[in-house]
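Read through the structure below, which is laid out as structure tokens, and then see the notes.
Read the figures in this text as sums done on the coordinates, not as results from a lab. Quick caveat, the model's predicted, so the values are computed rather than measured. Please note: Cβ atoms are built from the backbone with ideal geometry, for glycine as well, and neighbour counts cover all protein chains shown.
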Number of protein chains: 2
Amino acid sequence: MSDSNPISKPLILITNDDGIIAKGIQSLISCLLPLGNLFVVAPDGPRSAQSSALTVTTPLRVKKIKEEDGLTEYICNGTPADCVKLALNQLCPRKPDIIVSGINHGMNSSISIIYSGTMGAALEGCVNGIPSIGFSLCNYDPRANFDTAMAYAYKITKKTMATGLPRTICLNVNIPDLPEDKIQGISICRQSEGYWAEEFVQRKDPSGKRYYWLTGQFINAEKQNSETDEWALENGFISIVPVKVDMTAYEHLDELKKIDYELE
Amino acid sequence: MSDSNPISKPLILITNDDGIIAKGIQSLISCLLPLGNLFVVAPDGPRSAQSSALTVTTPLRVKKIKEEDGLTEYICNGTPADCVKLALNQLCPRKPDIIVSGINHGMNSSISIIYSGTMGAALEGCVNGIPSIGFSLCNYDPRANFDTAMAYAYKITKKTMATGLPRTICLNVNIPDLPEDKIQGISICRQSEGYWAEEFVQRKDPSGKRYYWLTGQFINAEKQNSETDEWALENGFISIVPVKVDMTAYEHLDELKKIDYELE
């Protein structure tokens, strides 16, 4: 941090979906401090499974909670995607050089990407033409050990700042819950096909009315496929999946073109 | 509706993101009634821009509000994706033959797919291996005319029930706000590249504290490309984009594999 001209330092926007007090984002902040000026806009509390949701029916509020040399922190009452939009449009002193989201408490591999607020923030970043990464640790414990995740988050962020990413592509990085010396390496891979076998816990409130809590178990539909993120994580590798905003199923266009959808 | 054995009728699950009282879902219900038994599980109020968000920090509640021959309706306090999960796991008498979401008040073309609750519900359906369609009308007015949208929603749903869809692929259908005789046809197309140039309205509450409303303007990054949904809609065509759950940017895998991410 000996750079005499702070303007010349990279500007790194940080957010997450577990909220500002989560150990994951605090770990991310501490490991990225050597890489530039950190500008944090994070939810004021947990926003797990918020996907790319935006807040449109209630007003958004932000509050600056820290301003130190090289580190500015805001909290926001919205979703992770709201945080990125507010940062880019209202709060950041200039366009960030990179957006880093996480480190999430819990994995965001396979189908979880479509529900993940961590990745919702990264997608929002790359939609806006800024290289963006979501980091997740495969451990849901609020007190999880982030040492391995921090070492790789630092390295992968630094590399991505050097190499860049194509517009509309971001990175989904998942890190096994292992000490550094047990990590088998890095796997550049694809999103595994899978789904959640949902089970709802059904309960009755004191007045006898039924309610549900979402729970469930992840089912990996292609367990043996070593090209997938699930395989990588189960075998001790860090998974890096390039993720794109374009969700078109190009392979199905021709099939649809054969169907006559016109009105009679 | 002369089928004497209701068991043999297709089961059609319907939801939306504008809530049960929206004209769009009521129009969808009325146009799909001839195609099977309708099972509606819809939000109890507006859930626009909820993407694939799930409710995990508050309990979910549902309430049956209608049970007639061929039409059952529930409302739910959750998101569109919650509605689909609850329907599939707790409420439906059997696995639905098709899931139809909408008709949304407002377009869900281009990048809007990643924010859309209408499409969040359709994605949830196809993740669960059920052919799913999201319909949107290019008009945000609560009192919009849905006649054209209803005619095409009926036809496209009927065709999709006959042809099926591959697992993990659903349809994003957008319908121009035009009378039937002004529709130029159907365009099977891809998601246009675009983004929202966000502008937040900044206000102060009675106690002088600042708050923000999200607003903004859509920017189409490839205006002249006739392969895109945006071009189709601007030229009077109904756009049908096949959408897949796998967001891997396959085209970028090789590039990433050249980068050394290992720790020193």
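Some observations on this one:
- Listed residues B:P142, B:P131, B:P206, most fluctuating in chain B (Gaussian network, C-alpha, under 10 Å): B:P206
- By DSSP, the beta bridges lying fully in segment B:55-166 are antiparallel in about 55 percent of cases.
- Working from label points 7 Å from Cα in the Cα-to-Cβ sense, the A:L253 to A:N145 distance is 4.9 nm.
- Share antiparallel - DSSP beta bridges, the protein assembly as shown, percent rounded to 5: 45
- Whole-Hz Karplus values for segment A:251-264 come out as 5, 10, 4, 5, 4, 5, 5, 7, 8, 8, 9, 5, 5, 5 Hz, taken residue by residue from phi with 6.51 cos²θ - 1.76 cosθ + 1.60 and θ = phi - 60°; glycine and proline positions read x.
- Net dipole in debye of segment A:59-123 [+1 Lys, Arg Cβ; -1 Asp, Glu Cβ; about Cα centre; nearest 20]: 240
- Ascending distances from the B:E68 label point to its copies in the other chains, with the point 7 Å along the Cα-to-beta-carbon line: 6.4 nm.
- Note on B:K209: lysines with a C-alpha under 16 Å away, same-chain residues under 8 apart excluded, are A:K63, A:K64.
- Across peptide A:212-224, the average count of Cβ atoms from other chains found within 10 Å of a residue's Cβ is 3.
- Fraction of C-alpha pairs exceeding 25 angstrom in segment A:108-233: 36 percent, rounded to a whole number.
- Segment B:102-127 and segment A:174-215: distance between their alpha carbon centers, rounded to Å: 23
- For A:175-187, mean number of other protein chain Cβ atoms within 10 Å: 1
- Solvent-free Debye scattering, log10 I(q)/I(0), computed from the Cα coordinates of segment A:20-87 at q = 0.23, 0.29 Å⁻¹: -1.03, -1.38
- Placing unit charges on the Cβ atoms only, positive for Lys and Arg and negative for Asp and Glu, gives segment A:118-253 a dipole magnitude near 420 debye about its Cα centre.
- Within 10 Å of each Cβ in A:238-245, the average number of Cβ atoms from other chains: 6
- Cut-off under 5 Å, modelled amide H: who pairs with B:D246 long-range: none
- Ascending distances from the A:L33 label point to its copies in the other chains, with the point 7 Å along the Cα-to-beta-carbon line: 6.6 nm.
- Backbone amide hydrogens, once placed in the peptide plane, bring A:E222 within less than 5 Å of A:E193, excluding anything fewer than 5 places away on its chain.
- Rounded to 5, the percent of DSSP beta bridges in segment A:1-108 classed as antiparallel: 30
- Amide H partners (placed H, <5 Å) of B:I65, local residues excluded: B:E73, B:Y74, B:I75
- The smallest convex shape that holds all Cα atoms of segment B:108-169, its convex hull, gives 89 Å³ per residue.
- For chain A: Kirkwood Rh in Å [reciprocal of mean 1/r, alpha carbons]: 19.4
- Alpha carbon convex hull of segment A:10-145, projected area averaged over orientations, nm²: 7.5
- When the pairs A:K182/B:K257; B:K23/B:K158; A:K244/B:K223; A:K223/B:K85; A:K158/B:K223 are compared against a 26 Å limit on Cα-Cα distance, A:K158/B:K223 fall above it.
- Theoretical ellipticity at 222 nm over chain B - DSSP helices of four or more residues, -39500 (n - 2.57) apiece, nearest 500: -6000 deg cm²/dmol
- Total charge dipole magnitude, segment B:213-264, about the Cα centre, Cβ charges on Lys, Arg, Asp, Glu only, Debye to nearest 20: 280
- FRET efficiency, 1/(1 + (r/R0)^6) with R0 30 Å, evaluated for A:K64 and B:V56 via beta carbons: 0.60
- Counted without the sites themselves, the longest stretch of chain A free of trypsin sites (Lys or Arg not before Pro) in a DSSP loop having at most 12 other beta carbon atoms within 10 Å is A:1-93.
- Backbone geometry of segment B:214-231 corresponds, through the Karplus equation with coefficients 6.51, -1.76 and 1.60 at θ = phi - 60°, to 3J(HN,Hα) couplings of 6, 9, x, 10, 6, 10, 8, 7, 9, 4, 9, 8, 6, 7, 9, 5, 4, 4 Hz, x marking Gly and Pro.
- For chain B, B:C31, B:C76, B:C83, B:C92, B:C138, B:C189 stand unpaired, since no other cysteine beta carbon lies under 4.7 Å from theirs.
- Distances between copies of B:Q184, taken at a point 7 Å out from Cα along the Cα→Cβ vector and listed shortest first: 5.3 nm.
- Under the Debye formula (equal points on every Cα, no solvent term), log10 I(q)/I(0) of the protein assembly as shown at q = 0.07, 0.10, 0.13 Å⁻¹: -0.38, -0.77, -1.28
- Normalised contact order of chain A, rounded percent, pairs of Cα under 8 Å and 6 or more residues apart: 17
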